[in-house]
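Step one of this worksheet: look at the structure below.
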Amino acid sequence: MTLSAPECAPARTRVAVTRTPGGGRVQVRTAVDSDPTAPGLRPMLLAADHRKARVSLVPDGALLLAGDAVRVEVTVDTGATLELVEPTGTVAYDMRGDAASWEVRLDLAEGATLVWAGEPFVLAQGSCVRRRTTARLAAGARLVMRETLVLGRHGESAGAMVQRWDAATTDGAPLLCEELALDAAALRPGLLGGHRVLGSVTALGVDVPGCGEGRLDLEAGGSQWRVLADDAHAARLSGVWEAVVAAAVR
């Protein structure tokens, strides 16, 4: 499956967290660079202390529609911790032959931690999305992310998406390289087997004891958990997620 990216300029959301010398509250810088009429994600600071910040990514308009290009750039400085939350899931709507893109770029400095609790990403019938996550981790950095991909709303067929993960150390050593092509054909036996929901938890730079069911240990360190389900709530991997977050934020 090959999907072309939209030609419009992306709606770029930036979040950067740095620790303050002397032990004061972490500094959180946010920005949204886009056409004011273009929908995107607006970061809202929920809480912060001397080490950790919590930021919500709030949809600023209907997402995703044909031609939308969303980009999220996150930087976490040395020793800081950032938790990103999503108040709602995202629906990629019928794009009538067009496409949209969703790109995430993560840069974690030495000893930094990023926890991203993603909500369901729904590929409605007729949608067509290119989604990419690129992460760079310095020594001692920790990245944990939860993703739930839903192929079609209830009672309809699936849209199409190509999702790519590229995670590496700052020296260029690969940690996770993966590409998933998902559409209605993926629901056949031998692939998703009729299950329309794919839940994932990814933990890089984190040693998580136990949690063996659905676990894949990566060659360069880190782990990934996967589950197939018929409904989004059944694919949240809640117990795994809690264990991973507890191991990452210590």
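The values are calculated or read from the model by the stated rules, or taken from the named source; none is laboratory data. Keep in mind that this is a model prediction, so the values were computed, not measured. Neighbour counts run over all protein chains shown; Cβ positions are idealised from the backbone, glycine included.
Tabulated values for the structure
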quantity	calculated
The one condition in (1) under 11 Å from the mean Cα position of the chain (by Cα); (2) part of a loop (DSSP other than H, G, I, E, B) that residue 84 fails to fulfil	(2)
Selected residue (only one of 32, 17 is of a type in the set (Val, Ile, Thr), surrounded by 15 or more Cβ atoms within 10 Å (Cβ to Cβ) and at pLDDT below 95)	32
Single residue of the range 233-242 satisfying the filter (surrounded by fewer than 19 Cβ atoms within 10 Å (Cβ to Cβ) and touching a residue at least 12 places away in the same chain (Cβ under 8 Å)) that is nearest to residue 88 (Cα to Cα)	234
Candidates 241, 225 - the one that is among the aromatic types (Phe, Trp, Tyr), in contact with a helix residue (DSSP H, G or I) (Cβ under 6 Å, 6 or more places away or on another chain), more than 18 Å from residue 102 (Cβ to Cβ) and at pLDDT 90 or above	225
Per-region count, the range 28-50, residues free of Cβ contacts under 8 Å to residues at least 24 places away in the same chain and more than 25 Å from residue 70 (Cβ to Cβ)	0
Per-region count, the range 140-164, residues of a type in the set (A, V, I, L, M, F, W, C), over 18 Å from the mean Cα position of the chain (by Cα) and either assigned to a strand (DSSP E or B) or over 23 Å from residue 201 (Cβ atoms) (or both)	0
Conditions (1) over 26 Å from residue 152 (Cβ atoms); (2) not in a loop (DSSP other than H, G, I, E, B): number failed by residue 35	(2)
Residues that are aliphatic (A, V, I, L, M), closer than 30 Å to residue 157 by Cβ and out of contact with any Lys or Arg (no Cβ under 6 Å at 6 or more places or on another chain), drawn from the range 75-121	91, 92, 95, 99, 100, 104
Members of the range 106-129 that are hydroxyl-bearing (Ser, Thr, Tyr), closer than 12 Å to residue 75 by Cα and more than 15 Å from the chain's Cα centre (by Cα)	none
The range 185-207, residues that are within 27 Å of residue 125 (Cβ to Cβ) and polar (S, T, N, Q)	200
Close pairs from the range 163-182: first at negative phi and aliphatic (A, V, I, L, M), partner part of a strand (DSSP E or B) and exposed (fewer than 14 other Cβ atoms within 10 Å of the Cβ), Cβ under 8 Å, at least 6 apart	167/174; 167/177; 168/174
Among the candidates 61, 40, residue that is touching a Gly at 6+ places or on another chain (Cβ under 8 Å), of a type outside the set (Val, Ile, Thr) and on the phi > 0 side of the Ramachandran plot	61
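Residues are listed down the side, and each one gets a yes or a no for (1) assigned to a strand (DSSP E or B); (2) crowded, with 23+ Cβ neighbours inside 10 Å:
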| residue | (1), (2) |
| --- | --- |
| 166 | yes, no |
| 172 | no, no |
| 178 | yes, no |
| 199 | yes, yes |
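Conditions (1) of a type in the set (Asp, Glu); (2) farther than 20 Å from residue 150 by Cα; (3) at pLDDT 90 or above; (4) not in a loop (DSSP other than H, G, I, E, B), marked per residue:
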position	(1), (2), (3), (4)
23	no, yes, no, no
47	no, yes, yes, yes
96	no, no, yes, no
101	no, no, yes, yes
104	no, no, yes, yes
111	no, yes, yes, no
